[in-house]
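Before any comments, here is the structure.
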Amino acid sequence: MNADLQTYVAFHRTGRRSPELPPVETPALRPALLARFRDLTAIRHDFPLVLIHGDAGEAPVRSLSELLDSTLHDFAHGPHGDRVAAHVGRLERQIRTLVAQHGAGKLSELWHVAANLLGVRADDQLRDSLDRARAALTVDGDVVGCDRRLPALLLGHVWQAAQRMKAKKFQSEVVQLVRRLSELVRGNEARSETGRAPARLQAAVGTGFEDAFDFGTLSRVLSRSAPKTTLPETRRGRVESLVAALQAQPFFPAATDAGVAPSSGAFSFVFSSVVAARDAYRARLPELVAVARAVAMAELEVAGEYREARHDGFFQQLGPEDLAPQDLGLFPDYLVTLPPGPLTPVEQATLMEALSAGLPIKALVQTDDLIDAAAGSETHLTLDLRSRQLASMTMAQNDVYVLQSPASHLPQMRHGLERGMTYPGPALFCVYSGDAGRPSHLAPYLVAAAALESRAFPAFSYDPAAGGDWASRFDLSANPQPDLDWPAHRFTYEDETHQAAVEQIAFTAVDLIACDSRSARHLARTARSKWIPGMISVSNLLASGAKPRPDQVPYLWMVDADNTLHRVVADEALLREARRCREMWHSLQELGGIHNSYADRALARERERRQVDASDHATTLIATPATGTAAPVAIVLAAATSPAPAESIVPGETAAAGGGPESASGSDEAYIETPRCSTCNECTQINSRMFAYNENRQAYIANPDAGTFRELVEAAESCQVSIIHPGQPRNPNEPGLDELIERAKPFL
Amino acid sequence: MTTAATECLLQLYDERHELEDYQSGVPRWCTGCGDNAILAAVQRLCRDEQLKPEKTVFVSGIGCSSRLPHYMKTYGFHGIHGRALPIAEGVRMARPDLHVFVNTGDGDCCSIGAAHWIHALRYNMNLTVFLHDNQVYGLTKKQASPTSPKGLKSNTTPRGSYLEALNPLTVTLGVQNVSFVAQAVDWIPEVLYDIVSAAFHHKGLSFVRIVQRCPEWLPQLLEPFLHDPMKVKLLHHDDGLAISPGIAKVYKNTQRHDPADMNRAREIASGVDPIPVGILYRNPDVPCYEDLRVTGQLRTPDLIRQGLEAELDKFTVWPQEGPAT
């Protein structure tokens, strides 16, 4: 075995490092597929996001690029349109830079700062463009980048939007009930003795015609003649107490004419611990029951269907256990933003208990660090998949909404977030932020996206409201190329002979781990001079599914700061992690109906059955006398005797020949002086498989075997610029060959 | 467009347009028609310059040549007979951000549209004009056109045409403010492409006459020129075309000509045999009409609506005014 290979294999198997295998200094190296994403501020992507203030209607969250694009779309036309668009593009980039450096801020403030940094004072045109764009931008909001604060801010924002909707609905209902109950009381009063007193009657008529009536007489007449239909005392008392109870409810801020007042005095529903949220829920339960009871009773009262004999007893005994989910759905949900990091056992147990008991909580479990350093000793490195396990456990409870996604992907999943927030029941959101809080050479956005690509933190949603079966509830489609183990990407680079080389590389879990500086001792950089044939890329090795042979070492493509490619040998521990990651992904795939083992087996059985049927059918056919089979055999024989097919003329290859006839004279092959072709369609109409157009729409012989020599000669004759040269016939048995060769002579 | 998070890792700046992105439909020109070669050259230009389809417009009049916008997957305007140039000027004025090309024929440009042709040259707006000159009316099945050679027998001239052919090049070179004049032939695609490309890069009206075959009605007319390379004279200069070694091998009849020299250009332009091919005249300093007349006003949808309303109001009958007496 080669000495270099021995060194590599030793490192791969045992981690023993020889001096010529330096460890990988991660700030300098990054996985090759990430080479193009050094400066994220130059790339228009989903971040930063704008959390739109106020009642934003259908889109409370929009990406900055999309917001600016739609603003520009509405007004930037005409001669200055491009200029305005270019200036706003510069501003967008500046804002993106600001957010990357300093974190979140209000859009209007960031706009101002960015405009000043671009030198808006000195540049009239720039000022003009930005003023126009600013005037057209009708919304404002907080701009947030992709970092560790994002999940809580984003979820809080979506939660608030959902609660606003809920509050609106509840308040309109309560206002309606209170108004109609009050009317009952007022109507009762108008019919009573006090309501028919002369002074009240006079007040009811108003000042315009008060002289036309004798209110004393009117009062007497009414008191005598009108029927006595006042409310019974018990009902009046009940109605009044209902009004009081509804108006004093502490769950939603009271509705005012000016809209929804800020929640002063009402309960708070935002928690950072499940225990606290659960306790608050329990403590408020009696009040919740009271309000729910008041609403139900008020509805009956308003409809005039409240029967004391039947309903009194029922409502007195009404307890928390009698509340249906739609009753609970009227009230606000509890937003629980758990602090990042592993959950304490108490919190975890309480969370599972609360979710299974159907408490109205929306919980965010955030992971900041996917690499679990605490799990093992110094030398052991594993991927932290606890959040995934939590999600799986919760899905097994069947009626909890579950959504998992890395932060980078949250904008794509925002409809899922909104569905989860409006789902009538508990919901769990597991998010990986990509921002471990340690200095890193990769932006959190990239790390989070890499976690998605590498299947270490897949994105999925489980929506129990979407249907009765897994196929409609579970959605895995948010992942890139979900039917593969790892998404494969085209990777183009320049090789040592300065030629473009293309490879399909999968972004595996090993690539993800290599992004982290703690993986340095598992990786070893190799010198370019010592790249040997026994090296196999990690993605190829993992794709083959086999363990490396003793003479193979897996390597990873990585690039340094100058975009120079390096091969980095990975040790066995990393590959083991990648395989574990793939196993987890496979189980998710099965849930999502991709490569489902039951379906695959059923398919295999069906295929087998059909094959048997087909072969039975074939046997019956062979038994009957075959006709006409001789012809194909003859063709095959003819092909075997004809000269071996040479490669067809590559478009552009004859370009260098220029004067074609001289340089290619003596050749037996047909050819076209492609650069002189004037695209007149003559030859392609004779045979479009033999003659084809290249990327400049000029003809070349795509396949000399796709037609006859006669067609070649006819094409040569009809070509107006005489650039087709038919060469010598390839099939000696073609009829009329002598005449054709004669006709072809002028074109040789 | 916003890039999706996962796509961000894959496709960036991946907005390259291939030749197919500019192709639309199968041309209905006759097999062997020179229009095919012009279409191919123009599509290649769009691809090589990566012109955005939504920022490119082809305007034409009437005739075989004027079917070209149908085969381009860009904006297009198949106008009325002889009026390709005024339409293109309007487009240019309203949308200076677009690349405007004009495809016109010998009948369209030199007969019914001749007045517009003269004044378009004088305006010198930034347009690229291709005169597809097949020297016959082909779409209406063979009538003599202004550029038909004397003696041509056609449906309108059964005893042969009486007049000498009009020379579009000398006419063009005689108009004030002319800034770019070139001639190409459709059967030398490489030179055709180079000239089309040079015309596109010229700021101002670039006028390219393309001598093209009509295999249906005049199959013999250009036959001698096709088969004798000496009957094509290639003009070359450091400021004009460079002739590639491959072309020089076949076309040995070449001449050095400085495109700044107007007198020499007029002299060359009057020759018809051999056909001069190359850039005859170029003057980048002639001002463009749209630069002289630019308003600087942002054309918002509101402004356009207001303008339209004002124009339409001129034709509105207002109730209080009553019928005209």
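Just for the range A:711-723: of the residues that are surrounded by fewer than 19 Cβ atoms within 10 Å (Cβ to Cβ) and closer than 15 Å to A:Lys745 by Cβ, which one is farthest from the other protein chains (Cβ to nearest Cβ)?
Step one: filter the range A:711-723 for residues surrounded by fewer than 19 Cβ atoms within 10 Å (Cβ to Cβ), giving A:711, A:717-718, A:722.
With closer than 15 Å to A:Lys745 by Cβ added as a condition, the list becomes A:717, A:722.
On the way: A:Glu717: 12, A:Ser722: 7 Å.
Here the answer is A:Glu717.
Filter the range A:463-513 down to residues that are part of a loop (DSSP other than H, G, I, E, B), polar (S, T, N, Q) and under 27 Å from A:Cys581 (Cβ atoms) and give me whichever is nearest to the other protein chains (Cβ to nearest Cβ).
The initial filter retains those residues of the range A:463-513 that are part of a loop (DSSP other than H, G, I, E, B), namely A:463, A:467-469, A:476-487, A:495-499, A:507-508.
With the extra rule that they be polar (S, T, N, Q), the set shrinks to A:477, A:479, A:481, A:497, A:499, A:508.
Right, trim to under 27 Å from A:Cys581 (Cβ atoms) and you get A:477, A:479, A:481, A:508.
Details: A:Ser477: 11, A:Asn479: 7, A:Gln481: 9, A:Thr508: 14 Å.
Taking the candidates together, the pick is A:Asn479.
Which residue pairs have Cβ atoms under 6 Å apart, sit 6 or more places apart or on different chains, and have a first residue in the range A:563-584 that is farther than 21 Å from A:Lys530 by Cα and modelled with pLDDT of 85 or more and a second that is polar (S, T, N, Q) and crowded, with 18+ Cβ neighbours inside 10 Å?
What qualifies is A:Ala578/A:Thr508.
How many of the residues in the range B:35-81 are outside any helix (DSSP H, G or I), touching a residue at least 40 places away in the same chain (Cβ under 8 Å), of a type in the set (A, V, I, L, M, F, W, C) and closer than 24 Å to B:Trp117 by Cα? Full working, then the answer.
Going through the range B:35-81, the residues outside any helix (DSSP H, G or I) turn out to be B:50-52, B:56-64, B:72-81.
Now restrict to residues that are touching a residue at least 40 places away in the same chain (Cβ under 8 Å): B:51, B:56-64, B:72-74.
Okay, now just the ones that are also of a type in the set (A, V, I, L, M, F, W, C), so B:51, B:57-59, B:62, B:64, B:72.
Next, from what is left, pick out any that are closer than 24 Å to B:Trp117 by Cα: B:57-59, B:62, B:64, B:72.
Qualifying residue count, the range B:35-81: 6.
Would it be correct to say that A:Ala488 is more than 25 Å from A:Trp585 (Cα to Cα) and in contact with a Phe, Trp or Tyr (Cβ under 9 Å, 6 or more places away or on another chain)?
Values: more than 25 Å from A:Trp585 (Cα to Cα): no; in contact with a Phe, Trp or Tyr (Cβ under 9 Å, 6 or more places away or on another chain): yes.
Considered against the rule, which asks whether it is more than 25 Å from A:Trp585 (Cα to Cα) and in contact with a Phe, Trp or Tyr (Cβ under 9 Å, 6 or more places away or on another chain), A:Ala488 comes out as no.
Starting from residues that are within 14 Å of another protein chain (Cβ to nearest Cβ) and touching a residue at least 60 places away in the same chain (Cβ under 8 Å), keep the ones in the range B:82-123 and report whichever is surrounded by the most Cβ atoms within 10 Å (Cβ to Cβ).
B:Arg92
What tally of residues in the range B:271-317 results from selecting those that are among the hydroxyl-bearing types (Ser, Thr, Tyr) and within 30 Å of B:Thr254 (Cβ to Cβ)? Give the derivation first.
Of all residues in the range B:271-317, those among the hydroxyl-bearing types (Ser, Thr, Tyr) come to B:281, B:289, B:295, B:300, B:316.
Subsequent filtering for residues that are within 30 Å of B:Thr254 (Cβ to Cβ) retains B:281.
The qualifying residues number 1.
What strands (runs of 3 or more DSSP E), lying completely within the range A:525-574, carry at least 3 residues that are farther than 12 Å from A:Val510 by Cβ and not aromatic (Phe, Trp, Tyr)?
The strands (runs of 3 or more DSSP E) meeting that bar are A:565-570.
How many of the residues in the range A:312-352 are part of a loop (DSSP other than H, G, I, E, B) and in contact (Cβ under 8 Å) with a residue 12 or more places away in the chain? Lay out the reasoning, then the answer.
Going through the range A:312-352, the residues part of a loop (DSSP other than H, G, I, E, B) turn out to be A:318-319, A:323-324, A:329-333, A:338-344.
From what is left, the residues that are in contact (Cβ under 8 Å) with a residue 12 or more places away in the chain are A:318-319, A:323, A:329-333, A:338-343.
Number satisfying all stated conditions: 14.
Within the range A:154-207, how many residues are of a type in the set (D, E, K, R), surrounded by 18 or more Cβ atoms within 10 Å (Cβ to Cβ) and either touching a strand residue (DSSP E or B) at 6+ places or on another chain (Cβ under 7 Å) or closer than 21 Å to A:Arg238 by Cα (or both)?
0
State which residue is farthest from the other protein chains (Cβ to nearest Cβ) when the search covers only the range B:63-81 and only residues that are over 17 Å from B:Ile38 (Cβ atoms) and of a type in the set (A, V, I, L, M, F, W, C). Write out each step before concluding.
Taking the range B:63-81 as the starting set, the residues that turn out to be over 17 Å from B:Ile38 (Cβ atoms) are B:75, B:77, B:79-81.
This time we only want the ones that are of a type in the set (A, V, I, L, M, F, W, C), so: B:77, B:80.
Values: B:Phe77: 18, B:Ile80: 26 Å.
For the range B:63-81, the residue satisfying everything is B:Ile80.
Being within 11 Å of chain A (Cβ to nearest Cβ) and surrounded by 19 or more Cβ atoms within 10 Å (Cβ to Cβ) is the filter here; which residues of the range B:239-250 pass it? Walk me through how you get there before you give the answer.
We begin by selecting, within the range B:239-250, every residue within 11 Å of chain A (Cβ to nearest Cβ); these are B:244-250.
Passing the criteria: B:Gly246, B:Ile247.
Quickly run through the range B:276-321 and pick out the residues that are surrounded by 10 or more Cβ atoms within 10 Å (Cβ to Cβ), among the aliphatic types (A, V, I, L, M) and part of a loop (DSSP other than H, G, I, E, B).
B:Val286, B:Val294, B:Leu298
Determine which single condition B:Leu192 fails, assuming it passes every other condition in (1) assigned to a helix (DSSP H, G or I); (2) within 13 Å of chain A (Cβ to nearest Cβ); (3) surrounded by fewer than 23 Cβ atoms within 10 Å (Cβ to Cβ).
Every condition holds for B:Leu192 apart from (3).
Please work out if B:Lys233 is among the charged types (D, E, K, R), farther than 29 Å from B:Thr140 by Cβ and touching a residue at least 24 places away in the same chain (Cβ under 8 Å).
yes
For the range B:281-300, give me each residue that is facing another protein chain (nearest Cβ under 8 Å) and at pLDDT 80 or above.
none
Farther than 23 Å from A:Leu370 by Cβ, touching a strand residue (DSSP E or B) at 6+ places or on another chain (Cβ under 8 Å) and crowded, with 20+ Cβ neighbours inside 10 Å - does that describe any residue in the range A:394-412?
So far as the range A:394-412 goes, yes, one or more of its residues are farther than 23 Å from A:Leu370 by Cβ, touching a strand residue (DSSP E or B) at 6+ places or on another chain (Cβ under 8 Å) and crowded, with 20+ Cβ neighbours inside 10 Å.
Out of all the residues in the range B:39-51, which are more than 9 Å from chain A (Cβ to nearest Cβ) and surrounded by 22 or more Cβ atoms within 10 Å (Cβ to Cβ)?
B:Val42, B:Cys46
Please give the number of the condition B:Ile87 fails out of (1) at pLDDT 95 or above; (2) out of contact with any helix residue (DSSP H, G or I) (no Cβ under 8 Å at 6 or more places or on another chain); (3) over 17 Å from B:Ala115 (Cα atoms).
(3) is the only condition that B:Ile87 fails.
Taking interchain pairs and intrachain pairs at least six residues apart, which have beta carbon atoms under 6 angstrom, with the first residue in the range A:298-311 and at pLDDT 80 or above and the second assigned to a loop (DSSP other than H, G, I, E, B)?
Between residues of the range A:298-311 that are at pLDDT 80 or above and residues that are assigned to a loop (DSSP other than H, G, I, E, B), the close pairs are A:Leu300/A:Tyr306.
The values are calculated or read from the model by the stated rules, or taken from the named source; none is laboratory data. It should be emphasised that the depicted structure is a prediction, and the values quoted were computed from it without experimental measurement. Here Cβ is always computed from backbone atoms with ideal geometry, including for glycine, and neighbour counts include all displayed protein chains.
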